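Step one of this worksheet: look at the structure below.
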Amino acid sequence: HGICVGKNSDLFIEGTAESTTQFSTAGVHQSVFAGGPTDAFLAKWDTSGNFYWCSYLGGTNEEHGRGVKIDGAGNPYIIGWSNSHTGMSTPGAYQEEWFEAYENDGFPKYDGFLAKFKKDGSLEWGTYYGGGGKDQVFDLTIDNDNDFVYFGGLTASTFNISSPESYQPALGGKTDGFFTKF
(Lines give C-alpha, C1' and ligand atoms only; values in the text may rest on other atoms or scores of the structure.)
Protein backbone atom coordinates (compact mmCIF):
# COMPACT_ATOMS: atom_id res chain seq x y z
CA HIS A 1 0.00 0.00 0.00
CA GLY A 2 2.93 2.34 0.42
CA ILE A 3 6.37 2.95 -1.04
CA CYS A 4 8.96 5.58 -0.22
CA VAL A 5 12.54 6.23 -1.39
CA GLY A 6 15.08 7.85 0.92
CA LYS A 7 18.00 10.14 0.12
CA ASN A 8 20.51 7.25 0.00
CA SER A 9 18.37 5.12 -2.39
CA ASP A 10 16.82 3.06 0.42
CA LEU A 11 13.42 1.87 -0.78
CA PHE A 12 10.78 0.92 1.79
CA ILE A 13 7.59 -0.94 0.91
CA GLU A 14 4.77 -1.28 3.42
CA GLY A 15 1.47 -3.12 3.26
CA THR A 16 -0.63 -6.04 4.44
CA ALA A 17 0.54 -9.66 4.39
CA GLU A 18 -1.43 -12.89 4.44
CA SER A 19 1.70 -14.98 3.90
CA THR A 20 2.79 -16.82 7.03
CA THR A 21 6.03 -18.34 5.70
CA GLN A 22 8.96 -17.40 3.45
CA PHE A 23 8.18 -13.72 3.80
CA SER A 24 10.13 -12.10 6.64
CA THR A 25 13.83 -12.25 7.46
CA ALA A 26 15.79 -13.04 10.60
CA GLY A 27 17.08 -10.28 12.86
CA VAL A 28 14.16 -7.89 12.37
CA HIS A 29 11.50 -6.71 14.82
CA GLN A 30 9.03 -9.51 14.04
CA SER A 31 10.22 -12.38 11.89
CA VAL A 32 7.18 -14.61 12.56
CA PHE A 33 3.58 -14.02 11.46
CA ALA A 34 1.62 -13.19 14.63
CA GLY A 35 -1.77 -14.66 13.72
CA GLY A 36 -5.17 -13.63 12.52
CA PRO A 37 -5.88 -13.22 8.82
CA THR A 38 -3.26 -10.48 8.20
CA ASP A 39 -0.24 -8.64 9.62
CA ALA A 40 1.22 -5.36 8.45
CA PHE A 41 4.73 -5.58 6.99
CA LEU A 42 7.70 -3.36 6.14
CA ALA A 43 10.43 -4.35 3.67
CA LYS A 44 13.68 -2.64 2.73
CA TRP A 45 15.20 -2.74 -0.76
CA ASP A 46 17.47 -0.42 -2.69
CA THR A 47 16.71 1.22 -6.01
CA SER A 48 18.94 -1.33 -7.77
CA GLY A 49 16.63 -4.15 -6.67
CA ASN A 50 18.72 -5.55 -3.82
CA PHE A 51 16.60 -6.95 -0.97
CA TYR A 52 17.76 -6.31 2.63
CA TRP A 53 15.05 -7.31 5.10
CA CYS A 54 11.33 -7.68 5.79
CA SER A 55 9.49 -7.50 9.13
CA TYR A 56 5.92 -8.21 10.12
CA LEU A 57 4.15 -5.87 12.53
CA GLY A 58 1.11 -7.51 14.06
CA GLY A 59 -0.72 -9.15 16.88
CA THR A 60 -3.08 -12.10 17.15
CA ASN A 61 -5.97 -10.51 15.20
CA GLU A 62 -5.87 -8.37 12.05
CA GLU A 63 -3.55 -5.60 10.85
CA HIS A 64 -3.63 -3.50 7.68
CA GLY A 65 -0.59 -1.43 6.70
CA ARG A 66 -1.45 1.69 4.72
CA GLY A 67 1.58 3.96 4.33
CA VAL A 68 5.28 4.60 4.84
CA LYS A 69 7.46 7.73 5.00
CA ILE A 70 11.16 8.15 5.77
CA ASP A 71 12.62 10.78 8.08
CA GLY A 72 15.83 12.71 7.35
CA ALA A 73 17.93 10.07 9.16
CA GLY A 74 16.54 7.31 6.92
CA ASN A 75 14.20 5.74 9.50
CA PRO A 76 10.81 4.55 8.18
CA TYR A 77 7.47 5.30 9.85
CA ILE A 78 4.42 3.20 9.02
CA ILE A 79 0.69 3.56 9.65
CA GLY A 80 -2.45 1.50 9.37
CA TRP A 81 -5.02 -0.10 11.63
CA SER A 82 -5.29 -3.10 13.95
CA ASN A 83 -7.79 -4.92 16.11
CA SER A 84 -5.19 -6.98 17.97
CA HIS A 85 -5.12 -6.64 21.74
CA THR A 86 -1.31 -6.55 21.77
CA GLY A 87 1.66 -6.38 19.45
CA MET A 88 1.43 -2.88 18.01
CA SER A 89 2.75 -0.62 20.78
CA THR A 90 5.83 -0.27 22.92
CA PRO A 91 6.08 0.57 26.64
CA GLY A 92 5.55 4.27 27.30
CA ALA A 93 3.72 4.82 23.99
CA TYR A 94 1.00 7.44 23.60
CA GLN A 95 -1.59 4.62 23.64
CA GLU A 96 -0.06 1.36 24.82
CA GLU A 97 -3.18 -0.78 24.46
CA TRP A 98 -5.85 -1.44 21.85
CA PHE A 99 -9.07 0.27 22.93
CA GLU A 100 -11.37 -2.63 23.64
CA ALA A 101 -14.51 -2.12 21.55
CA TYR A 102 -16.62 -4.48 19.46
CA GLU A 103 -19.12 -4.33 16.60
CA ASN A 104 -22.66 -5.63 17.27
CA ASP A 105 -21.63 -9.02 15.85
CA GLY A 106 -18.72 -9.25 18.32
CA PHE A 107 -16.00 -8.39 15.75
CA PRO A 108 -13.27 -6.23 17.36
CA LYS A 109 -13.20 -2.61 16.13
CA TYR A 110 -10.00 -1.20 14.65
CA ASP A 111 -7.62 1.31 16.20
CA GLY A 112 -5.12 3.12 14.06
CA PHE A 113 -1.40 2.63 14.61
CA LEU A 114 1.81 4.55 14.02
CA ALA A 115 5.24 2.89 14.30
CA LYS A 116 8.82 4.05 13.81
CA PHE A 117 11.36 1.48 12.64
CA LYS A 118 15.12 1.79 12.49
CA LYS A 119 17.00 1.30 9.22
CA ASP A 120 18.02 -2.22 10.34
CA GLY A 121 14.42 -3.50 10.68
CA SER A 122 14.13 -3.16 14.46
CA LEU A 123 11.20 -1.28 15.97
CA GLU A 124 12.04 1.95 17.79
CA TRP A 125 8.49 2.61 19.00
CA GLY A 126 4.85 2.00 18.15
CA THR A 127 1.48 3.24 19.37
CA TYR A 128 -2.19 2.52 18.92
CA TYR A 129 -4.42 5.50 18.11
CA GLY A 130 -8.13 5.12 18.71
CA GLY A 131 -11.18 5.21 20.93
CA GLY A 132 -14.46 3.33 21.19
CA GLY A 133 -15.31 3.47 17.46
CA LYS A 134 -13.62 2.21 14.32
CA ASP A 135 -10.42 4.21 13.70
CA GLN A 136 -8.23 3.86 10.62
CA VAL A 137 -5.08 5.75 9.61
CA PHE A 138 -4.57 6.21 5.86
CA ASP A 139 -1.66 8.61 5.29
CA LEU A 140 1.27 10.30 7.01
CA THR A 141 4.06 12.78 6.44
CA ILE A 142 7.09 14.03 8.36
CA ASP A 143 8.08 17.70 8.51
CA ASN A 144 11.36 18.87 6.99
CA ASP A 145 13.05 19.26 10.39
CA ASN A 146 12.02 15.75 11.49
CA ASP A 147 10.36 17.23 14.55
CA PHE A 148 6.79 16.12 13.88
CA VAL A 149 4.88 13.28 12.28
CA TYR A 150 1.44 14.09 10.87
CA PHE A 151 -1.15 11.47 10.03
CA GLY A 152 -4.81 11.33 9.14
CA GLY A 153 -7.66 8.96 8.65
CA LEU A 154 -11.23 8.31 9.64
CA THR A 155 -12.86 7.81 13.00
CA ALA A 156 -16.17 6.79 14.51
CA SER A 157 -14.89 7.38 18.06
CA THR A 158 -16.50 9.97 20.31
CA PHE A 159 -13.41 10.23 22.56
CA ASN A 160 -9.64 9.64 22.62
CA ILE A 161 -9.11 11.19 19.16
CA SER A 162 -9.25 14.98 19.30
CA SER A 163 -7.77 17.43 21.76
CA PRO A 164 -9.99 20.00 23.51
CA GLU A 165 -8.38 22.96 21.70
CA SER A 166 -8.73 21.39 18.23
CA TYR A 167 -10.74 22.78 15.33
CA GLN A 168 -13.49 20.19 15.92
CA PRO A 169 -13.19 18.54 19.34
CA ALA A 170 -16.31 16.32 18.98
CA LEU A 171 -17.42 13.73 16.45
CA GLY A 172 -19.74 15.49 14.01
CA GLY A 173 -21.32 12.55 12.21
CA LYS A 174 -21.28 8.77 11.95
CA THR A 175 -17.63 8.96 10.84
CA ASP A 176 -15.30 11.95 10.56
CA GLY A 177 -11.86 12.51 9.20
CA PHE A 178 -9.08 13.36 11.62
CA PHE A 179 -5.64 14.94 11.41
CA THR A 180 -3.04 14.33 14.13
CA LYS A 181 0.35 15.83 14.96
CA PHE A 182 2.89 13.84 17.01
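The values are calculated or read from the model by the stated rules, or taken from the named source; none is laboratory data. These numbers come from a predicted model, not from an experiment. Positions of Cβ are generated from backbone atoms using ideal geometry, with glycine treated the same way; all protein chains shown enter the neighbour counts. Accessible surface is based on the protein model in full, side chains and every heavy atom, while ligands, DNA and RNA are left aside. Shrake-Rupley method; radii C 1.70, N 1.55, O 1.52, S 1.80 Å.
Rounded to the nearest angstrom and ordered from largest down, what semi-axes does the equivalent ellipsoid of region 74-160 get from its C-alpha gyration tensor (root of 5λ)?
Details: eigenvalues 117, 41, 20 Å².
Ellipsoid semi-axes (Å, largest first): 24, 14, 10.
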Of K44/K181; K116/K174; K134/K181; K69/K109; K44/K134; K44/K109, those spanning more than 23 Å from alpha-carbon to alpha-carbon: K44/K181; K116/K174; K69/K109; K44/K134; K44/K109
Quick one: plug the Kirkwood hydrodynamic radius of the chain (C-alpha pairs) into Stokes-Einstein at 25 °C, 0.890 mPa s, and report D in µm²/s. 149 µm²/s
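Can you give the FRET efficiency to the nearest 0.05 for C4 and T175, using r as the Cβ-Cβ distance and R₀ = 35 Å? It would help to have the intermediate numbers written out before the result.
Values: r = 27 Å, r/R0 = 0.78.
That gives a FRET efficiency of 0.80.
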Ranked by accessible surface with a 1.4 Å probe, highest first, in what order do L171, L42 come? L171, L42
For K7, give me every one of the aspartates and glutamates with a C-alpha distance below 17 angstrom, ignoring sequence neighbours fewer than eight places off in its own chain. D46, D71, D120, D143, D145
Expected field for F51, accessible surface area in Å² at 1.4 Å probe radius, rounded to 10, holds 90 Å²
Can you give the charge dipole size of the chain about its Cα centre, rounded to the nearest 20 debye, using +1 on the beta carbon of Lys and Arg and -1 on the beta carbon of Asp and Glu? 260 debye
If each part is reduced to its alpha-carbon centroid, region 150-170 and region 51-111 end up apart, in Å, by 18 Å
